[in-house]
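Shown next, in structure tokens, is the structure this report addresses.
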Amino acid sequence: MSGSLYKSLNRDVGKAIHRYDMISNGDRILVGISGGKDSLTLMRILQERFSRIPVSYELIGLYIDPGFDGGYADSLLSWAEMSGFRLRVEFSNNGILAHSKENSENPCFLCSRLRRKKFFEIAQKLECNKIALGHHKDDIIETFFMNICYAGIMSTMRPALPLFNGRYTIIRPLCLVDEERIIKFARSQHFPEFINPCPSIKTSKRNEIKTLLGHIYTNNKKIKGNIFRSLSHVKKEYLL
């Protein structure tokens with residue numbers, strides 16, 4: 001695989017893996033696959049890097065079907081097979097439960113929690129010690145603002161997060177990559193477009209924050225980078 005776009009993505013993924021000690025020799029990595037551009041880009045780059053770097057690891061993709069009508073599990077599985085990577089599909093009713101009348105105010109939170117629980121269950125079954133997710137730089141910034149606005153806390157997603165006394169580690173190798181570059185890469189790779197059937201996909205709180213930040217970024221191209229750098233340069237003495 002060649003091209004300046006791929007090289008820049010690969011460079012930043014390699015930088016993130018090295019900086020946050022994400023992947024070690026012998027790791028079994030469960031890669032979260034949603035069918036979107038982020039997770040497909042993540043799998044493609046990790047898969048391609050495997051043949052060139054001196055670290056041996058195993059990749060297993062996992063797609064958790066949320067249970068909505070109009071799902072694309074079969075199509076995603078066929079595409080994964082043609083692309084040469086292993087994909088496990090788990091069917092659930094997470095999305096249906098999250099959108100029940102009893103949970104109408106915050107379906108995304110419950111759906112995410114149920115999906116995360118299933119990830120750990122599958123990781124245990126497959127003896128995976130790492131879980132790789134396709135969150136990028138924009139996701140990390142948006143999560144920070146979501147937590148401030150809707151949860152009243154200052155926190156975000158860490159690039160590498162050990163859990164359960166180090167038994168599993170969640171890693172985010174795309175953490176240094178802007179979403180714009182992922183969009184361009186996905187187009188260059190002709191990734192298929194899988195339409196998400198979730199009824200909240202266009203009305204989520206994340207979309208509200210994304211729109212807000214988009215307006216801010218248009219005023220100054222340095223703002224996104226400054227926000228991202230600020231997340232690792234916190235002056236606690238000037239906080240309440």
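Scan region 119-154 for residues that are part of a loop (DSSP other than H, G, I, E, B) and in contact with a helix residue (DSSP H, G or I) (Cβ under 9 Å, 6 or more places away or on another chain) and the total you get is 8.
For region 118-142, name all the residues that are within 25 Å of I183 (Cα to Cα) and among the charged types (D, E, K, R).
Selection gives K137, D138, D139, E142.
Select from region 1-42 the residues that are among the aliphatic types (A, V, I, L, M) and under 17 Å from K137 (Cα atoms) and write down the one among them that is surrounded by the most Cβ atoms within 10 Å (Cβ to Cβ). Applying the filter and picking the extreme gives L42.
Does region 52-72 hold any residues that are of a type in the set (S, T, Y) and over 20 Å from the mean Cα position of the chain (by Cα), and which are they? Let's see the steps before the verdict.
From region 52-72, those of a type in the set (S, T, Y) are 56-57, 63, 72; that's our starting set.
Selection gives S56 alone.
When the residues of region 205-234 are filtered to those that are under 20 Å from R158 (Cβ atoms) and among the β-branched types (V, I, T), the one that is nearest to the chain's Cα centre (by Cα) is I209. Looking across region 75-107, the residues that are among the charged types (D, E, K, R) and closer than 14 Å to I33 by Cβ come down to E81, R86, R88, E90. Answer yes if at least one residue in region 216-234 is out of contact with any strand residue (DSSP E or B) (no Cβ under 7 Å at 6 or more places or on another chain), of a type in the set (S, T, Y), under 18 Å from S112 (Cα atoms) and modelled with pLDDT under 95, and no otherwise. Looking for residues that are out of contact with any strand residue (DSSP E or B) (no Cβ under 7 Å at 6 or more places or on another chain), of a type in the set (S, T, Y), under 18 Å from S112 (Cα atoms) and modelled with pLDDT under 95, one finds none in region 216-234, hence no.
Restricting attention to region 109-132, the residues that are buried (at least 19 other Cβ atoms within 10 Å of the Cβ) and among the hydrophobic types (A, V, I, L, M, F, W, C) add up to 6. State the number of residues belonging to region 169-206 that are surrounded by fewer than 18 Cβ atoms within 10 Å (Cβ to Cβ), free of Cβ contacts under 8 Å to residues at least 60 places away in the same chain and either in contact with a Gly (Cβ under 6 Å, 6 or more places away or on another chain) or over 21 Å from N226 (Cα atoms) (or both). Residues that pass the stated criteria total 6.
Taking region 98-118 as the region of interest, how many residues are part of a loop (DSSP other than H, G, I, E, B) and in contact (Cβ under 8 Å) with a residue 60 or more places away in the chain? Give the derivation first.
In the first step, residues of region 98-118 are kept if they are part of a loop (DSSP other than H, G, I, E, B); the result is 99-100, 104-106.
Pick out the ones that are also in contact (Cβ under 8 Å) with a residue 60 or more places away in the chain and you get 99.
Summing the residues that are part of a loop (DSSP other than H, G, I, E, B) and in contact (Cβ under 8 Å) with a residue 60 or more places away in the chain in region 98-118 gives 1.
Pairing each residue of region 209-224 that is under 19 Å from V177 (Cα atoms) with any residue that is part of a helix (DSSP H, G or I) and basic (K, R), provided the two are 6+ apart or on different chains, yields C-beta distances under 6 Å for Y217/K224.
The values are calculated or read from the model by the stated rules, or taken from the named source; none is laboratory data. Computed from a predicted model, the values in this text were never measured in an experiment. Every residue, glycine among them, receives a Cβ derived from its backbone with ideal geometry; neighbour counts consider all protein chains shown.
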